[in-house]
Amino acid sequence: MSDNFNGSIAQVNVQFPIETVIQPLAGEAYSRALVYIPASQAENYLPGVSGAAAGQLVELNSNNYGELTAGTLKNSLVPFFTKATTAKLGIAIYDDGEEATTNKLADVYAATKMWAYFKFGITEAEGYNALQVSLSNLCITDPLYSDLWIGTSDTNVLTQTSALITSLKAAGSNARVIYNSNAGINAALAQLGSSLSVVNTTGTPVGNNVDMAAFNTIEASGAADANGKRQNLSATEKAALDAQKIGYNTYVGDGTENVVTEGSLTLKGESVGANWVKHYIEYVCKVKAANLITRMNKFRNNATYQAILSIVTDTAMAFVAFGRLADLHLTAPVFTDLPASGDAITVPNAWEATYIDNVRSTTVYGTLYLTQPTR
């Protein structure tokens, strides 16, 4: 600073006031997973967590999960963190006692649902189905914040007689279910680990493949052969799972141990990937628009309206550049044509785009010319 600045023209007559605006970092939850476990099994599942109890949220990563977890929980997390080395995963503990009055599953869900978009439930076999149905009933009311993924090894799904699937469909569940005959792993968690393993051009993993992307942390979904290696499902078994909109794992067939998940739909037939992108965009726009309209002197005028539309298009354009969305069009009316309101901006039809899905099969026809042999 100059020695003669005090009292100078620069100090007194020239002003450059700068408003500080906090730009929110929104949408982290859409790259995280949250696993609900009962308090009765917390000691077995989380032996490395001192005093693990109902109501607690334990954060895990690829560096600490090996020391903190054990049993079924650890077995399920190994494929996840082997791929998703930078991801965060939370363990939410709920009170499953018959006398419980607080920190029950619904209470813990309400307190933790914003932490991660992808929800899972892990418990021992006798309580597994009930936990999935209970979680499904909770997630149904919060599609923006919760997407339930379920891994199952119940072979009854192959004959369409699974009690789990029957109960989920009776409850109107929109869960994503993946079958693998290996009861020692959770095929849904393994797939999510693959999906979250790469940061794409949006700066997040959001929009990555949720199926048909090779990974090698688990085997195919079929039964094990004499050598213990799990095989591909038969065409009949695949057809049965397809009919129920249940995913499964199949070897790529390129000489490696890589598998892919076939099936990208929820039990209701919705696209898991499209929902992920849609809900992320909606959430991020909500947060950024709230940040905008709560700044000082943001009036209901065209300038504020255009700033809101820019938030929408900028957020969606990241997925256009990535290639997951195409044909993005801003369809919002001009400001003067908006519905009349004293203090609200309501845009009935602001934008539209096309979701670009993955390649799941390829057929290439060709012609081979052969010179007629003489003998």
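Roughly how many nanometres apart are two label points built 7 Å out from the Cα toward the Cβ at Ala303 and Glu28?
Computed distance between label sites Ala303 and Glu28 equals 3.3 nm.
Please compare each pair in Lys169/Lys229; Lys119/Lys229; Lys113/Lys238; Lys83/Lys169; Lys119/Lys169 to a cut-off of 23 Å on the Cα-Cα distance and tell me which ones are over it. Present the calculation step by step, with values, prior to reporting the outcome.
On the way: Lys169/Lys229 32 Å; Lys119/Lys229 30 Å; Lys113/Lys238 33 Å; Lys83/Lys169 31 Å; Lys119/Lys169 18 Å.
Violating the 23 Å Cα-Cα cut-off are Lys169/Lys229; Lys119/Lys229; Lys113/Lys238; Lys83/Lys169.
Which percentage, to the nearest 5, of the DSSP beta bridges contained in the chain is antiparallel? Don't jump to the answer; show the numbers that get you there.
Working: 15 of 34 bridges.
Restricted to the chain, the bridges split so that about 45 percent are antiparallel.
What is the extension gain from Ala53 to Thr155, computed as 0.36 nm multiplied by their sequence separation minus the C-alpha to C-alpha distance, in nm to one decimal? Walk me through the numbers before you get to the answer.
On the way: separation 102, 0.36 × 102 = 36.72 nm, distance 3.35 nm.
Using 0.36 nm per residue and subtracting the Cα-Cα distance, I get 33.4 nm.
What ³J(HN,Hα) values, in whole Hz, does the Karplus curve 6.51 cos²θ - 1.76 cosθ + 1.60 give for the range 118-123 when θ = phi - 60°, with x put for Gly and Pro?
8, 10, 9, x, 10, 7
Which percent of Cα-Cα pairs in the chain sits in each 10 Å bin, short to long?
Histogramming the chain at 10 Å steps yields 5, 20, 27, 21, 13, 8, 4, 2, 1, 0, 0 percent.
Heavy atoms only, probe 1.4 angstrom, no DNA, RNA or ligands counted: give me Thr85, Thr266, Thr331, Thr374 ranked by accessible area, highest first.
On the way: Thr85 80, Thr266 0, Thr331 50, Thr374 140 Å².
Solvent-accessible surface, decreasing: Thr374, Thr85, Thr331, Thr266.
Please give the charge dipole size of the range 273-325, origin at the Cα centre, charges +1 on K and R Cβ atoms and -1 on D and E Cβ atoms. Round to the nearest 20 debye. Display every interim value, and only then the final one.
Numbers: 7 positive and 2 negative charges, 31 e Å.
It comes to approximately 140 debye.
How about the range 209-250: which trypsin sites (Lys or Arg not before Pro) there lie in a loop by DSSP and see at most 16 other Cβ atoms within 10 Å?
Counting only loop positions with at most 16 other Cβ atoms within 10 Å, the trypsin sites (Lys or Arg not before Pro) in the range 209-250 are Lys229.
Given points 7 Å out from each Cα along the Cα-Cβ axis, report the Asn349 to Thr331 separation in nanometres with one decimal.
0.5 nm
With each pseudo-label sitting 7 Å past Cα toward Cβ, what's the Thr256-Thr236 distance in nm, one decimal?
3.3 nm
How high is the relative contact order of the range 222-375? Use alpha-carbon pairs under 8 Å, at least six apart in sequence, and give a whole percent.
Relative contact order for the range 222-375 comes out at 12 percent.
Using unit Cβ charges (K, R positive; D, E negative) and no other charged atoms, how large, in debye to the nearest 20, is the dipole of the range 102-250 about its Cα centre? Write out the running numbers ahead of the final one.
On the way: 9 positive and 11 negative charges, 35 e Å.
For this selection, approximately 160 debye.
What dipole magnitude, in Debye to the nearest 20, does the chain give about its Cα centre under +1 on Lys/Arg Cβ and -1 on Asp/Glu Cβ?
For this selection, approximately 700 debye.
The values are calculated or read from the model by the stated rules, or taken from the named source; none is laboratory data. These numbers come from a predicted model, not from an experiment. Cβ sites come from the backbone with ideal geometry, for glycine too, and all protein chains shown count toward neighbours. Accessible surface is based on the protein model in full, side chains and every heavy atom, while ligands, DNA and RNA are left aside. Shrake-Rupley method; radii C 1.70, N 1.55, O 1.52, S 1.80 Å.
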